[in-house]
1. Kindly establish whether Asp51 is of a type in the set (D, E, K, R), part of a strand (DSSP E or B) and touching a strand residue (DSSP E or B) at 6+ places or on another chain (Cβ under 9 Å).
2. So which of Leu85, Leu96, Leu61, Leu32 is modelled with pLDDT of 95 or more, closer than 15 Å to Ile5 by Cβ and among the aliphatic types (A, V, I, L, M)?
3. For region 62-98, give me the residue count where each residue is open to solvent by less than 80 Å² (accessible area, probe 1.4 Å), of a type in the set (Val, Ile, Thr) and closer than 20 Å to Arg38 by Cα.
4. Restricting attention to region 28-55, which residues are open to solvent by 60 Å² or more (accessible area, probe 1.4 Å), under 22 Å from Thr91 (Cα atoms) and not polar (S, T, N, Q)?
5. When you scan region 53-89, how many residues do you find that are under 21 Å from Gly18 (Cα atoms) and in contact with an Asp or Glu (Cβ under 6 Å, 6 or more places away or on another chain)?
6. Residue by residue through region 15-43, note down the ones that are in a strand (DSSP E or B) and over 19 Å from Gly82 (Cα atoms).
7. Would you mind stating whether Gly57 is in a strand (DSSP E or B) and small (Gly, Ala, Ser)?
8. Of the residues in region 9-27, how many are within 18 Å of Phe93 (Cα to Cα) and open to solvent by less than 40 Å² (accessible area, probe 1.4 Å)?
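The values are calculated or read from the model by the stated rules, or taken from the named source; none is laboratory data. This structure is a prediction, so every number in the text was calculated from the model and none was measured. Cβ: placed from backbone, ideal geometry, glycine included. Neighbour counts: every protein chain shown. For accessibility, only protein heavy atoms count, side chains too; no ligands or nucleic acids. Shrake-Rupley method; radii C 1.70, N 1.55, O 1.52, S 1.80 Å.
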Amino acid sequence: MNINIKERNGSYLGTLTGWIDTAVATQFLEDLKPLMSRADKSIELDCGGLDYICSLGLRGLLQLKKESVAKGGSLVLTHVEGEVLKIFTMTGFIKLFDIR
């Protein structure tokens, strides 16, 4: 699992790659902390390189979504495809996020 975060004109773009499974989920939650503190901004997470996400990873994304709503920012997930799209659909998370 890798997350790369870049600032772009006052908004943030994160690129997620690899597997977010239980072995790396704790690190993923730590890696999201900088975005949590900037949740008043526009955040886009590109999931095109993400091959799998476990329930703890979904929890981290949900926490980021809640922070964004609370702080008046926005969170958009892009390129949610394949196995990750199936997981979002099965869990109902597809209805909770702005997915493009």
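1. yes
2. Going through Leu85, Leu96, Leu61, Leu32 in turn, the sole match is Leu61.
3. 2
4. Listed by number, the residues that qualify are Asp51, Tyr52.
5. 4
6. Matches in region 15-43: Ser42, Ile43.
7. No: the conditions fail for Gly57.
8. 3
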